[in-house]
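Here is the structure we will look at.
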Amino acid sequence: MNLSQLYYFRKLSELQHYTKAAKELYITQPALSDAIRSLEKELGVPLFRKEGRNVKLTRYGKEFSVYVHDALRELDKGIAVMREYTGNLSGSLSIGGLYTITGDYLPALIRAYHEHYGDAVKIDVSQGFSLDLIRGLKEDKYDVIFAARKEDETSLRFEPIVAHQLVLGVRKGSPLATKKCVSLSDLRGYEVHTYRSGTPIGNEVEKVLNESGLAAHQDFDDEITMGGMLATARQDECALLTYTIGLKPFLDRIDIVPIDEREVPRDFHHVCMAYKKEEFQNRALESFIDFATKFPVPEDVVLRCGESMCDLLR
């Protein structure tokens, strides 16, 4: 048994697919198959079983996987600590983010991080919805994510980064578009749409709806789909949504109206940086988390309606 076999086993146990694992390990599939067969022969137990085109861990493989992951995590930690003594910051980071910040805030953050630390740390960015991003973080798909807070995730730490304003969206020509500011009571008699219940942002808006006694259709996942709906909506339809870059393609057909701050705070919805509390953080991840925590959000990232003009994205 050698160290390479253990790394191969870990990768295959994560991806459960020989071709994909071999590609990420930069070896051939036959070489990976030979290494796993040799490991199974030495241990005297089957570690994987075929399931269609994929493979699954056997009960022996699941038990062995716990020890291998723990051992390699400690080894990786030792290697990272030793490299720190040289003063070289390198490695790679996998970041997941909501699309509402991957088009403005996150590029600005990564650019500033590279200007400060250099380009040796390679950063890969993926987009997704909050619940998918949180699941990916827990499954080690990401090192850090930027998503909405989920209250019951006790193993994760959420650091508020960007606050988005809850606003009213209407089709141009709507009577509500003439108002400089609306109260939630102004929406009575209108067909109100908003985020899907069960999502972090949907639950936040649902609380506002319940407190105001306002009924709404909670059937949307994001601002882009709501923006598209509003662009062809009836005059008696409107939407409660956050003011983000996702509305940019629709601002020639819809109007955005601020909501009375006595009813809804301007910093309504927070996008947080989230990472695992107890996991070892290599120097690259540690430096990125620290840098992001202190990074001032650029003024053109936090879109506001009602302070001066509502056309910051036009």
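The values are calculated or read from the model by the stated rules, or taken from the named source; none is laboratory data. No experiment lies behind these values; they were computed from the predicted model shown. Cβ placement follows ideal geometry from the backbone for every residue including glycine, while neighbour counts extend to all protein chains displayed. For the accessible areas, the whole protein counts, side chains as well, though only heavy atoms, and no ligand, DNA or RNA atoms are used. Shrake-Rupley method; radii C 1.70, N 1.55, O 1.52, S 1.80 Å.
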Residue satisfying condition, being of a type outside the set (S, T, N, Q) and modelled with pLDDT of 95 or more, within set ALA233, ALA284, ALA239, ALA215: ALA239
Residues (surrounded by 13 or more Cβ atoms within 10 Å (Cβ to Cβ), more than 16 Å from ILE254 (Cβ to Cβ) and either without any contact (Cβ under 8 Å) to a residue 12 or more places away in the chain or of a type in the set (Lys, Arg) (or both)) located in the stretch 171-191: ASP186
So GLU263 clears everything in (1) closer than 21 Å to PRO175 by Cβ; (2) open to solvent by 10 Å² or more (accessible area, probe 1.4 Å); (3) touching a Lys or Arg at 6+ places or on another chain (Cβ under 8 Å) except one condition, right? Which one? (3)
State whether the residues of the stretch 287-300 include one that is surrounded by fewer than 17 Cβ atoms within 10 Å (Cβ to Cβ), small (Gly, Ala, Ser) and modelled with pLDDT under 95. no
Any residue at all in the stretch 107-119 that's over 30 Å from LEU166 (Cβ atoms) and charged (D, E, K, R)? yes
Test result for VAL192, part of a strand (DSSP E or B), more than 25 Å from PHE288 (Cβ to Cβ) and in contact with a Pro (Cβ under 7 Å, 6 or more places away or on another chain): no
Across the stretch 11-34, the tally of residues that are in a helix (DSSP H, G or I), over 17 Å from GLY52 (Cβ atoms) and open to solvent by 50 Å² or more (accessible area, probe 1.4 Å) stands at 5
For the stretch 46-154, list the strands (runs of 3 or more DSSP E) that sit wholly inside it and hold at least 2 residues that are touching a residue at least 40 places away in the same chain (Cβ under 8 Å), open to solvent by less than 70 Å² (accessible area, probe 1.4 Å) and closer than 25 Å to THR19 by Cα; which are they? 54-57, 91-97
Subset of the stretch 217-258 that is small (Gly, Ala, Ser) and touching a residue at least 24 places away in the same chain (Cβ under 8 Å) - its residue that is surrounded by the most Cβ atoms within 10 Å (Cβ to Cβ): ALA239
